[in-house]
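The next block holds one structure in the form of structure tokens; read it before the comments.
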Amino acid sequence: MQNKVSYSSVMNIVDHETFGSNEKKTVINSGVFLLDKSKKTNSLFFVGKCGGEVRIELKIEFTQNSNGTLSIKESAKLFEGASTNSKDLDGTASKSVTIGKNENKSVSFRVRNTDEGGDYADIILQVSNVVIDEADCTNSIKAKAQELGTAFTGSSTSDINNPTSVKGGKRVTFQKCDIYCSPQTGPHEIHGAIRQKYNTVGGPNNDLSLPVSDETTTPDGKGRYNHFIGNGSIYWHPTTGPKLVRGGIRHTWAKAGWEKGVYGYPTSDEIKIDPNKAEWFGDFQSGVIYWEKDKSVETHTASLSGSKVRAMFEKIFKDKAKSQKDLNIESVHISEVSDTGYDFVRSKNRKVSFKISGNYESGVFFIPNPSYTITLKIAFESDKNPDGKVGCKLKARLDHWHIHTSGVGHEKLFNGLKKAVLEGFDKPFELGEVPQNTGFLSFKVMKDGGIKLYFKGDTLGKVVALVAQDKLDKL
């Protein structure tokens, strides 16, 4: 059962101490929304101001009852001082009513200034409560489209009066979104990159089946998601792209705190390693979840900490500067680690920025040596997306550079450093190669600038991780 609720809220406000055109103000708010088993309540909040002193805050709570009726509670506050920061509360009033099935009703009450003056507001709420049967997907989709509005949906691109039958339910496509419905799920919309991902993996024909939520903002306020009846979700973040996570991997991720937990957002769809074996994994911003048969299995890893990566690149910088005997390198440190990078299939690795500072021996004892600061952003990449089977070559390449010089003769220093950077980093650094069929799952840059390789949680994965660790330690 669904309640299609149409409302119009009118606040007729009078500021008794103000004369002329500012003495009275009418504030109108209207809209349409749905209540069903996935959303049984809805709260609205409106503010109205009049003259220079009166502010009305109105809260309306709608609750769906099991018999199809609608409970409404209105509460209004009158503040002296139209500023939203005013806390001079001078009057309150409330009203509660029940609207019957398929009934239209008008509700009114007044909130007064009970402290001083004759300020007041007459509040009128007109409500229509239309009950839609769960099996009536045609009217459910129509009501959902009306709730969203044409600015959100765009024009329909399939017949809204005769929704298309899809596996598990019905669908109407629009320019900017699709609305799916079934008696079990109710009507829900999918749009944007999540819609594109859903369609790419097969839409309702995928194991995800139909959506059970609209696209919703994540608790951390940074991402978006849709949940699906097939024990799965598609999550989107501006630095990951849309990714599918489902089943046991989703369960493990949820237990760890979803996107706010240790793993962060997903950076790959669920990946099946061998069609003949129950082996899956999901890649995340800060980890990998590997699932074998009916349980989560700890992965094997090889890694270099951020401090060791910094030391490795300091050695590289100094080796390249050996021919420049008068170039002094005073410090090398990691100045920034970026977020992951957007991609529709597999999110890009974090990038690490190194800052190198020093000076150049000018040879003139009474003039301070010109100084320099070089910032190099390094991208760590695999030539193929690891999937537990393919062989991969790992490398680090220069993504961006910036040089700042100062002091007498710094222009010459800048040109020399620019030439050295472009020539010294014109080719990627080879970090190693992982053979095929070794259970290699992910090559990841961590938040501290360190690098980490993930392998399957079996005996072969353990052996390969030990070999990889030995090679990393020798870089």
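Each reported figure results from applying straightforward, stated rules to the coordinates on display, with no laboratory input. All figures in this text were calculated on a predicted structure; none of them were measured in a lab. Glycine gets a Cβ as well: all are built from the backbone with ideal geometry, and neighbour counts include every protein chain shown.
What the table shows:
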{"read-out": "Signed unit charges on C-beta, dipole axis of region 31-99, positive-most listed residue 94, 35, 81", "value": "35"}
{"read-out": "Dimensions (Å) - region 301-473, Cα atoms, principal axes, largest first", "value": "65, 33, 25"}
{"read-out": "Helical mean residue ellipticity (222 nm; -39500 (n - 2.57) per DSSP H run of 4+; nearest 500) of the chain", "value": "-5000 deg cm²/dmol"}
{"read-out": "Region 1-155, Cα convex hull volume normalised per residue, Å³", "value": "122"}
{"read-out": "Cβ crowding within 10 Å averaged over residues, with 407-415, 445-453 ranked highest first", "value": "445-453, 407-415"}
{"read-out": "Relative contact order (%) - region 301-473, alpha-carbon pairs under 8 angstrom, separation at least six", "value": "25"}
{"read-out": "Computed FRET value (nearest 0.05) for residue 106 with residue 319, which takes r as the C-beta separation and R₀ as 60 Å", "value": "0.15"}
{"read-out": "Long-range tail of P(r) for the chain (Cα pairs > 40 Å, %)", "value": "47"}
{"read-out": "Label-to-label distance, nm, for residues given as residue 260 and residue 328 (7 Å Cα→Cβ offset)", "value": "5.0"}
{"read-out": "Cα gyration tensor shape for region 84-211, rounded if a/c is under 1.5, else prolate or oblate", "value": "prolate"}
{"read-out": "Percent RCO, i.e. relative contact order, over the chain, from Cα pairs under 8 Å lying at least 6 residues apart", "value": "8"}
{"read-out": "Kirkwood Rh and Cα Rg combined as Rg/Rh, region 196-352", "value": "1.12"}
{"read-out": "FRET efficiency, 1/(1 + (r/R0)^6) with R0 25 Å, evaluated for residue 28 and residue 89 via beta carbons", "value": "0.55"}
{"read-out": "Rounded D (µm²/s) - region 5-78, Kirkwood Rh over Cα pairs, Stokes-Einstein at 25 °C, 0.890 mPa s", "value": "177"}
